[in-house]
1. Between M147 and Y64, what length in nm is gained on full extension when 0.36 nm per residue of separation is reduced by their alpha carbon distance?
2. Round to the nearest 0.05 the FRET efficiency obtained for S118 and R192 when R0 = 25 Å and r is the Cβ-Cβ distance.
3. Roughly to the nearest percent, how much of the accessible area of the chain is carbon and sulfur, given a 1.4 Å probe?
4. Using unit Cβ charges (K, R positive; D, E negative) and no other charged atoms, how large, in debye to the nearest 20, is the dipole of the chain about its Cα centre?
5. Under 15 Å from a point placed 7 Å out from the Cα of D203 along the Cα-to-Cβ direction: which residues of region 119-152 have their backbone N that close?
6. Suppose every K and R has +1 on its Cβ and every D and E has -1 on its Cβ; what is the size of the dipole of region 33-161 about the Cα centre, in Debye to the nearest 20?
7. On average, how much accessible surface per residue is there in region 4-198, in Å², for a 1.4 Å probe, leaving out ligands, DNA and RNA?
8. Using amide H atoms built in the peptide plane, which far-off residues or other-chain residues are under 5 Å from V8 H to H?
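The values are calculated or read from the model by the stated rules, or taken from the named source; none is laboratory data. Since the model is a prediction, treat every value here as computed from it, not as a measurement. A quick note on method: Cβ atoms are made from the backbone with ideal geometry, for glycine too, and the neighbour counts reach across all protein chains shown. Ligands, DNA and RNA are excluded from the accessible area calculation, which covers all protein heavy atoms including side chains. Shrake-Rupley method; radii C 1.70, N 1.55, O 1.52, S 1.80 Å.
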Amino acid sequence: MSKLKLGVLISGRGSNLQALIDACAAPGFPAEIALVLSNKADAFGLERASGAGIATAVVDHRGYPGDKPAFEAAMDAALREAGVELVCLAGFMRLLSPWFVGQWHNALINIHPSLLPSFKGLDTHERALAAGVRFHGCTVHYVRPEMDEGPIIAQAAVPVLPGDDGHRLADRVLLSEHRLYPHAVRLIAEGRARVDGDMVRIDGPVPDLAALVNPPL
Ligand code: GRF
């Protein structure tokens, strides 16, 4: 069976990209990475991709001062040229316009380090601690024009532990992200994640997510 072609958009270290690279390398995984695209030439994730023999591209937003449409058109062209079918945001730090989001409607997903709809935006771990929540976590969702909004595909809850600070909590959430993102991509690639209005319906059995994504306490 042919594999779903992924385009992964990054801006930095690319640990979620690495999780997708590793997942795609496993026999039988139903997706492959066709292109890793960064808006920063020095993003470490580009080295990860090259090391794995994956095609890379840099579309630097600073090359398009005041012209976001041209920046996004260049990204869109690179993704189409590579035959990308599903765009995965993995620490991509530019807000995408409604035009770009519309071009990839239901073919554009993001991973966010909180249990959405709580804690949209940045500094999620510190804000979760300040709010005193007992569970934090991460979410993979389809992208809509509003920031960190869109139908939820998968989530993983991570308990907040006594003595946690933002870094400790972030480290544990990141481990869960690395398990959750490949899981969500697999659901889509297998055609089992169906967008139904504002929700995603999952067809067929879902593995025990708690065991899948939470490191042992
Ligand atoms: C992750 O925490 C992800 O949830 C957020 O940005 C961070 C990217 O980290 N969107 P990495 O570049 O994948 O290591």
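1. Gain on stretching M147 to Y64: 27.7 nm.
2. Details: r = 26 Å, r/R0 = 1.04.
According to the calculation, E is roughly 0.45.
3. On the way: 5730 of 10340 Å².
Exposed carbon and sulfur together represent 55 percent of the surface.
4. Details: 20 positive and 24 negative charges, 33 e Å.
With Lys and Arg at +1 and Asp and Glu at -1, about 160 debye.
5. Hits in region 119-152 for D203 at 15 Å: none.
6. Working: 10 positive and 13 negative charges, 51 e Å.
Charge dipole of region 33-161: 240 debye, to the nearest 20.
7. Numbers: 8610 Å² over 195 residues.
Here the per-residue accessible area is 44 Å².
8. Hits under the 5 Å cutoff: L35, V36, L37, C88.
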